[in-house]
Each structure stands twice: as C-alpha cells, then as structure tokens.
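The values are calculated or read from the model by the stated rules, or taken from the named source; none is laboratory data. In this text the structure is predicted, and so the values were computed from the model without any measurement. Backbone-built Cβ (ideal geometry, glycine too); neighbour counts: all protein chains shown. For the accessible areas, the whole protein counts, side chains as well, though only heavy atoms, and no ligand, DNA or RNA atoms are used. Shrake-Rupley method; radii C 1.70, N 1.55, O 1.52, S 1.80 Å.
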Amino acid sequence: MELAYVPTTADATGALRARMRATPAGRLQSGIILASAIVVLGALVVTLTLPKGPHLGLTVLCLAALALLIGLHVLVPALQARQVHRMVAPQGEFRAVVGEAGVRLTSQDSETTFRWPMITRYAENDTLFVLMTPDKHSVGIVVLPKRGAAIPPDVDRLRAILDRNATRV
C-alpha cells in the first residue's frame with residue numbers, strides 16, 4: 001500500500017490533536033483547561049449576579065481568563081503544528097509504503113523505516129491516520145494523510161493493514 005502526499009499545516013494540527021486525545025497527558029491537559037473554564041464561567045455568573053450589580057473589574061478579569069483558556073485549547077496545537085510543518089515542508093513530497101513489515105517514509109532528503117513494534121497504536125480522523133509509539137506519551141508519531149491514497153478503496157486497505165498490526169485508540 002503506497003501513499004504520496006505533500007504535508008500541510010492541517011495535517012500537523014490534526015495529528016497533534018489526535019495524539020492529545022490518545023495520551024493520558026493530552027487528556028489531562030484538556031481536562032484541566034475544561035475544568036478551569038467551568039470555574040471561570042462560574043465566577044463570571046457570580047460576578048454578574050452580585051446584589052449590588054456586576055463588578056466591572058471582575059467581569060473583565062473573568063472574560064480575559066476565559067479568552068486565555070480558549071486560546072490555550074485552540075491556538076497552542078495550531079501554533080505547534082505550524083512549527084512542525086515548517087520543519088517538514090522543505091522535504092517536498094513524501095511517499096509512505098505501508099505493509100506487513102511496517103511503514104517506510106521517504107522524502108527528498110530522508111528515508112525512515114518504522115517496524116510495527118515501534119508504532120503499535122493509531123488514531124483515525126476524517127483526513128488522517130496517526131500512528132503512535134507505544135510509550136504512554138506517544139513521543140513519536142507517523143502521519144498518513146488519506147488524500148495520499150491513489151484511489152478511495154486504498155484507504156480501506158490501509159485501515160485493514162493498520163488493524164492487523166496496531167491497536168486503534
């Protein structure tokens with residue numbers, strides 16, 4: 001099974017978000033941001049319903065904190081993805097060969113082979129397969145954009161290879 005693609009910033013963003021959902025550290029980070037947002041929303045409601053009327057300073061502080069939390073959740077993965085993309089973009093087109101032995105990635109200046117024991121888990125979204133290392137933080141990832149498949153049935157073939165060799169998370 002072969003894929004050919006030019007990496008995009010959207011690929012990197014999708015991969016980082018998939019990794020975040022699949023790892024304990026990523027889920028903890030998302031949980032902390034969500035819990036903090038709930039606390040800030042609660043403080044905003046209390047501020048707006050004070051007996052003497054809303055307190056302008058506290059309202060502004062709560063809104064600023066809420067904006068910061070939303071920014072952390074939305075912007076941080078996007079900014080990280082831009083950095084990753086800047087690193088891989090000069091390599092031009094990537095080719096990935098996926099088979100029973102593992103995944104071989106080649107680009108203009110590099111060739112890397114990952115055997116299945118190195119990438120034991122994968123996540124899927126609408127546009128990507130994201131293969132991850134077995135460590136609990138998934139330090140290493142391999143991104144396989146579905147658009148790299150020559151024909152749509154190849155995406156199903158790729159999914160079948162991944163299902164035989166890795167655990168879907």
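One entry in [x] 66, 43, 35; [y] 69, 31, 28; [z] 47, 35, 32 is Cα extents along the principal axes in Å calculated from the shown coordinates; its label is [y]. Note on region 57-143: Cα-Cα pairs beyond 19 Å make up 57% of the total pair count. Accessible surface comparison of 2, 111, 124, probe 1.4 Å, protein chains only, largest first: the order is 111, 2, 124.
What FRET efficiency would be calculated for the residue pair residue 137, residue 89, taking the C-beta separation as r and a Förster radius of 35 Å, to the nearest 0.05? Working from the Cβ atoms, E equals 0.90. Normalised by the number of residues in the chain, the mean separation of alpha-carbon contacts (under 8 Å, six or more apart) gives a relative contact order of 30 percent. The residues of region 1-107 expose, per residue, 59 Å² of accessible area to a 1.4 Å probe. Picking from 66, 97, 149, whose Cα lies most toward the positive end of the charge dipole for the chain (charges on Cβ: Lys, Arg +1; Asp, Glu -1)? The residue sitting farthest along the positive end of the dipole is 66.
Where nothing but the Cβ of Lys and Arg (+1) and of Asp and Glu (-1) is charged, how large is the charge dipole of region 1-150 around its Cα centre, in debye to the nearest 20?
On the way: 14 positive and 9 negative charges, 84 e Å.
It works out to roughly 400 debye.
The accessible surface of region 6-101, taken with every protein chain in place and a 1.4 Å probe, is 75 percent carbon and sulfur.
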